[in-house]
Every structure is written in C-alpha cells, then in structure tokens.
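The values are calculated or read from the model by the stated rules, or taken from the named source; none is laboratory data. None of these values were measured; they are calculated from a predicted model. Methodologically, a virtual Cβ is constructed for each residue, glycine included, from the backbone with ideal geometry; neighbour enumeration extends over all protein chains shown.
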Amino acid sequence: MKTYKYNPLHEKSCPGKVHYTVGIVIRSDLKTVWENVCKADMVKQYFTTDARRDLDKGGEVLWVWGEEAAMLNVIEVYPNEKLIFEWNGTNVDYRIRTEFTFENVNGRVKIKIRESGWDGDESGAKSAFANCSGWTEFLNALKVFTEYKISYLNK
C-alpha cells in the first residue's frame, strides 16, 4: 500500500464568514448517488487517484490526486441525507467546513455542496474560488459517472 504525504489538519477551524454553494441534479436513485460520493472504491473511479476509507464511516479519510493528498475529518453523517467534514483550506492556515446534502426530487437526486469558513482576505478568497471550481468539477464528474458510467480519469 502506497504511503502519501499530506499536511495534518490545522488547529484553527473555519474562522471566516466567506462561503459558497454549488449543486447539480443527477438522474439516479438516492442510494446510488450516496454510494458514489461516499465509497472510496467509487470515488477512485471518477475523481481521485486514490481514497482511503469511506466518507460515510466518519473519522479521518484520505483523498489523493496524483502526488497531492488531503485529510478529511468527517464529523457528521446522516445516511442518504447529509455529510459534513472539515479539511485544510488551500494556502490558508485553517480548516474549512464542507457540507453535502442529498434530496430525492421526482426520481432524481439534487446534491448541494456548501463550503464555509474562509476569511475575507485575499488568500481566503483565492482558496474559496479554487475549491468552488474543484467541487464544480467533482459534481460534473459525479453526474457523468453516475448517469453514463464514463470517467473523466484515464481509467
């Protein structure tokens, strides 16, 4: 099993008021979308190059993109409804909070990702925009993978 380098979680937790929400509707059942988001074996098929542990188990989960890795600390899990974790913000010295919500709407799943906790300074704004872009890519990859079994990754 490969060992990855990652920064430990910062001490400071979500100090700022800057936040955003992105979302998408996926033609699938709630259980499938939930598992595609939470199960490490599924996430590795469309978004990460590696993932250690399932998000829906709580505790620390490692997500890897090539040589970069990030530790996620899952703090709340409400199966098929909501998932909340904290992880280090990019180029800032504090954690940010990420909340996934899942809603069944007429046989489709509306998934929203709300991320919060950045300071309103330049580094906080740049970090928020970078993550917003990353979560938008995640949702698009999730939709294509779930609906068509196509992966953006070269797998």
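The table below lists the values:
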| read-out | value |
| --- | --- |
| Within segment 118-155, tally of residues that are among the acidic types (Asp, Glu) and under 20 Å from residue 40 (Cβ atoms) | 1 |
| Pick from segment 77-89, criterion touching a residue at least 12 places away in the same chain (Cβ under 8 Å) and surrounded by fewer than 16 Cβ atoms within 10 Å (Cβ to Cβ), ranking: nearest to the chain's Cα centre (by Cα) | 82 |
| Members of segment 1-60 found to be among the β-branched types (Val, Ile, Thr), part of a helix (DSSP H, G or I) and surrounded by 17 or more Cβ atoms within 10 Å (Cβ to Cβ), listed by number | 33, 37, 43 |
| Checklist (1) in contact with a strand residue (DSSP E or B) (Cβ under 7 Å, 6 or more places away or on another chain); (2) modelled with pLDDT under 95 applied to residue 3, failing item | (1) |
| Top-ranked residue of segment 103-130 - restricted to ones that are assigned to a helix (DSSP H, G or I) and out of contact with any Gly (no Cβ under 7 Å at 6 or more places or on another chain), ranked as nearest to residue 78 (Cα to Cα) | 128 |
